[in-house]
Amino acid sequence: MKRRIICITLLLVLCVSFMPQAHAMANLDYYISANFGRSYDVFSGPGRHYYRANMGKAMYGGGAARVYGMEGDWIMMGYQTSGGDYRIGYVHKDALSTAKYVDGAIPALNFDHYLAYADDYCRITDDPVINNKMICSLPENTPVTVLATMGTSWTYIEANTSQGLMRGFVWSIHLKNSNSPVQPTQAPLPTMPPQPTQVPWPTSAPVTAAPWPTYVPYITAVPWYQPTTAPWITSIPLITAAPWNPPTAQPWITAIPTAKTDEWLPEAKSIYITGNWPVYSGPGEYYYRANKGKATKGEGTCQVYGIENTGYGDWAMIGYPMSNGGYRVGYIRAEALGARIADVPALKLAYHTRRLAVDASLTDDPAHTVSAVATVPAGTYVLFLGYMYSANGVWAYTEVLSNNQIMRGFLPVSALEAEN
């Protein structure tokens, strides 16, 4: 027995020695506080040849900062800008000579350096903390050097961009290990109700027959009235059991997806607000704003779906009718709800990536006019947020990047590839 235990132990040790070792990625979740006392130039990487934000004028102006580490002669730090954003970049180590305080020893940065590729929704920001404003987007299959992670959502990279050599943060879900193209698989279209075999017309009508033709055999059992505006009704036998109204909108509205419970947007609450509030397509002022940047919700009732916090304030997702007869879904500052904010739950969105199988139009009006805000081409990756049902059918609520403008809106569910 003892010999058998020893043999099993040796076998387990041998198996473990051949198992692939997990790669422990560097991360930027640790920092120390500092104040360097005066202004210093800020670059996106450890050198003056790296991209410099704010049209080449990015500068730390003194004040509280977070220090992530030292790389050569450069200090990686983060600070809040005068515009309310957050920026992570590098200042020269000369800043140590004027520091008011540095709360601890600055660690050396030990980054990973391995290759990955951007998908076609990959964008770089130097602000993974507050507003996540985009600096530029990366074309699909752009090679990038992966350096570290921050939290569970962000990857710190270095890449050659349209703005020059740059370091910054991208959503981790928008990096892939290969530059091979992925062929889209279109989601199956809905199966329409089977059409019945039409009853043959009679060759002649008896003289004593009722004014209506007797070619409908069930007329003697169920009263039936000849339609005057919908001749197709004679081809639907279900009329004998229950009235059936065919869809009047696009044929894809019958494609009601099988979705998890938490993938449907919540039922809205009617709330009356006062004042005039700017409306953005997403929860932040950097999102697309309709009506040529002037979309506003005035005093009146709106439908409130929930509250979303983006890290620098609460935003209410609302829907409201417009003066032109349309309907708009967007976001306003949650403070507009006044005391009723306590009645509105937090939004629980899906937040996972989907890909378009066909070209599709994005709209902020899933209820009435369905006016297009942008056209999203086939193959584009979008951030899927949830499903919404309206009188016009079922919609996919998504976040997309169009013409370097980040926006949220609704796409037909049939435009999405089938989920694996």
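Every number in this text was worked out from the coordinates using simple rules, so none of it is lab data. Since the structure is predicted, the reported quantities are computational estimates derived from the model, not experimental observations. Counting neighbours? That spans all protein chains shown, and the Cβs are built from the backbone with ideal geometry, glycine included.
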In whole Hz, what ³J(HN,Hα) sequence does region 157-168 give by Karplus (6.51, -1.76, 1.60; θ = phi - 60°), x for Gly and Pro?
10, 10, 7, 8, 10, 5, 9, x, 5, 9, 10, x
Length gain on complete extension for the stretch residue 324 to residue 403, per 0.36 nm per residue less the alpha carbon to alpha carbon distance?
25.8 nm
Could you compute Rg(Cα) / (2.2 N^0.38 Å) for region 261-415, with N its residue count?
0.97
Full extension between residue 54 and residue 309 adds, at 0.36 nm per residue less the Cα distance, a length in nm of 89.2 nm
Give the order of 33, 361 when sorted by the count of other beta carbons within 10 angstrom, beginning with the fewest.
33, 361
Evaluate E = 1/(1 + (r/R0)^6) for residue 98 and residue 339, where r is the Cβ-Cβ distance and R0 equals 41 Å; express this FRET efficiency to the nearest 0.05.
0.25
FRET efficiency for residue 176 and residue 41, Cβ-Cβ distance as r, R0 = 25 Å, nearest 0.05?
0.15
Cross-link reach list, lysines versus residue 348, counting only Cα pairs under 16 Å and skipping chain neighbours closer than eight places
260, 269
As a test of the definition: which semi-axes, in Å, follow for region 32-176 when you take the square root of five times each eigenvalue of its alpha carbon gyration tensor? Largest first, please.
26, 15, 14
What do you get for trypsin sites (Lys or Arg not before Pro) in region 335-420 restricted to DSSP loop and a cutoff of at most 16 other Cβ within 10 Å of the site's Cβ?
348
So, relative contact order of region 32-176 in percent, Cα under 8 Å, 6 or more apart, is 22 percent
Under-5 Å amide H pairs with residue 154, H placed in peptide plane, nonlocal only
172
Efficiency by 1/(1 + (r/R0)^6): what FRET value for residue 160 and residue 64, r their Cβ-Cβ distance, R0 = 35 Å, to the nearest 0.05?
0.60
Fewest-first ordering of 315, 264 by Cβ atoms within 10 Å yields 264, 315
For region 61-77, 3J(HN,Hα) per residue [Karplus equation, 6.51 cos²θ - 1.76 cosθ + 1.60, θ = phi - 60°, Hz, x = Gly/Pro]:
x, x, x, 4, 8, 10, 10, 9, x, 10, 10, x, 9, 10, 9, 8, 9
So residue 152 and residue 105, fully extended at 0.36 nm per residue minus their Cα-Cα distance, gain in nm 14.4 nm
